[in-house]
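As structure tokens, the structure follows; a few thoughts come after it.
The values are calculated or read from the model by the stated rules, or taken from the named source; none is laboratory data. On a predicted model such as this, the values are computed, not experimentally measured, just so you know. Every residue, glycine among them, receives a Cβ derived from its backbone with ideal geometry; neighbour counts consider all protein chains shown.
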Amino acid sequence: MRFRKAVCGIAAALAVAGSLVVLSPPAGATSDPGAEGQFIALTNGLRAAHGLAPLGVNGTLRAKAEAWAEHMAGVGGISHSNLSDGAPPEWRRLGENVGRGPSVDSIHNALVASPEHYANLTDPGFQSIGVGVVNANGTIYVSEVFMESASQPAPSTPSPRAATPPPGNPQPVPSAPAAGPAPPPVPTSGTVVRVQRHGNHGVWLQGRYLVF
């Protein structure tokens, strides 16, 4: 199977290249493992509510996300990393949400309210996550990186098995169940989704999706 790389710049498509440049965070900025765990728990709680498998923490993705959170705190603004930089070699698809705000809950709620970020959080194909959080004097910078492995089987939704009626006892034909909400579409190979928005309570977000 052939795949191709795609990465989005502000106005044009760029080849995946370059190295991860990390600036020192400002004085008083510290990494926050507790907040990282909160973001992961909130994400997996959201996925469980929709019948999706939880995301496992990948150490390589976590290191990438932590380095990028430090970079964003260092420059005082949010931006996307080069998604393939620092990612595990077995990646097939990658997604990234980044945000800045006053609390874990405010940022997560803004991510859920944004269709592009929500699509990353609830993508059934993603299997792994890495989260990095830096608290810079009360402002939280977060990077969430999602991954589907090349060796991972395609996600499937099991069909409910119909009960077998006892012999000699005719059963009425059941009516078709009402259609539930459609899952978010999975971008095709080479498609990038990117958004920046200003949400409530001083939260800034960006989201991006990369297919290889």
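For the reader, a short list of remarks on this structure follows.
- First in the stretch 87-116 and touching a residue at least 12 places away in the same chain (Cβ under 8 Å) and outside any strand (DSSP E or B), second anywhere and of a type in the set (S, T, N, Q) and buried (at least 23 other Cβ atoms within 10 Å of the Cβ), Cβ under 6 Å, 6 or more apart: 111/97
Conditions tested, residue by residue: (1) farther than 21 Å from residue 45 by Cα; (2) at pLDDT 95 or above; (3) assigned to a loop (DSSP other than H, G, I, E, B).
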site	(1), (2), (3)
63	yes, yes, no
78	yes, no, yes
120	no, yes, no
155	no, no, yes
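- Every listed requirement among (1) within 15 Å of the chain's Cα centre (by Cα); (2) under 15 Å from residue 134 (Cα atoms) is met by residue 78 save one, (1).
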